[in-house]
1. Are there any pairs, at least 6 apart or on different chains, whose C-beta atoms fall under 6 Å, with the first in the range 119-132 and assigned to a strand (DSSP E or B) and the second polar (S, T, N, Q), and if so, which?
2. Would you confirm whether or not the range 58-74 contains a residue that is modelled with pLDDT of 95 or more, assigned to a loop (DSSP other than H, G, I, E, B), among the aliphatic types (A, V, I, L, M) and closer than 17 Å to T130 by Cβ?
3. Quick check on S44: is it without any contact (Cβ under 8 Å) to a residue 60 or more places away in the chain and not in a loop (DSSP other than H, G, I, E, B)?
4. Of everything in the range 89-115 that's part of a strand (DSSP E or B) and aromatic (F, W, Y), which residue is nearest to L38 (Cα to Cα)?
5. In the range 41-55, is there at least one residue being more than 22 Å from G120 (Cα to Cα), surrounded by 15 or more Cβ atoms within 10 Å (Cβ to Cβ) and over 16 Å from the mean Cα position of the chain (by Cα)?
6. Which one is modelled with the lowest pLDDT among residues in the range 82-109 that are surrounded by fewer than 14 Cβ atoms within 10 Å (Cβ to Cβ) and either within 15 Å of the chain's Cα centre (by Cα) or more than 23 Å from H65 (Cα to Cα) (or both)?
7. Given the conditions (1) touching a helix residue (DSSP H, G or I) at 6+ places or on another chain (Cβ under 8 Å); (2) without any contact (Cβ under 8 Å) to a residue 60 or more places away in the chain, report the number of the one that T57 does not fulfil.
Amino acid sequence: MKHLHLGLTLVALSFYSNMAAAYEAHHVYHIRKNTTFLLGSAYSLHPDCTLRGKSITTITSAPKHGVAYVAYGKDYPAFKSGPYVSCNKRRISATLLWYRPRKDYVGDDTFSVHNWYPSGDVEDKTLYVTVE
């Protein structure tokens, strides 16, 4: 799998929308040291659950104690409600956001991302990670 050291992913939005992301701002992700962790995925879907196009995620403020990167792959959507919930049963192409702490690092880290969706919507988020 190719990894691009550029971006990140988002968590499903709570309103009815065709876009979603699999990470949440203001949520602390607890991960084990020396592991690579999938924070989530970003995608934009048509009503029939097919992809509208590739979501683009960039890291606007890099983590100080690790590496965050974007890779393109497959994931299950995470819509919490609305007409797109039925899409959660299908693996779709998505922009995946990964984080890996520096070797043997234990403590807190934070970084920010910018997501652009094929619909033209944009999203800026700050993510918080606690490495244990």
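The values are calculated or read from the model by the stated rules, or taken from the named source; none is laboratory data. The structure presented is a predicted model; accordingly, all values stated were derived computationally and were not measured. We place every Cβ from the backbone using ideal geometry, glycine too, and count neighbours over all the protein chains shown.
1. Partner pairs satisfying both residue conditions: E123/N115; T126/S112; Y128/T110.
2. No: the range 58-74 contains no residue that is modelled with pLDDT of 95 or more, assigned to a loop (DSSP other than H, G, I, E, B), among the aliphatic types (A, V, I, L, M) and closer than 17 Å to T130 by Cβ.
3. Working: without any contact (Cβ under 8 Å) to a residue 60 or more places away in the chain: no; not in a loop (DSSP other than H, G, I, E, B): yes.
Taking the combined requirement at face value, the residue does not satisfy it.
4. W98
5. So the first thing to find is which residues in the range 41-55 are more than 22 Å from G120 (Cα to Cα), and the list is none.
No, that holds for no residue.
6. At the first step, the residues of the range 82-109 found to be surrounded by fewer than 14 Cβ atoms within 10 Å (Cβ to Cβ) are 83, 86, 89-91, 103-104, 106-108.
From the residues that got through so far, the ones that are either within 15 Å of the chain's Cα centre (by Cα) or more than 23 Å from H65 (Cα to Cα) (or both) too are 83, 86, 89-91.
Numbers: P83: 89, S86: 94, K89: 95, R90: 94, R91: 95.
For the range 82-109, the residue satisfying everything is P83.
7. That leaves (1) as the condition not met.
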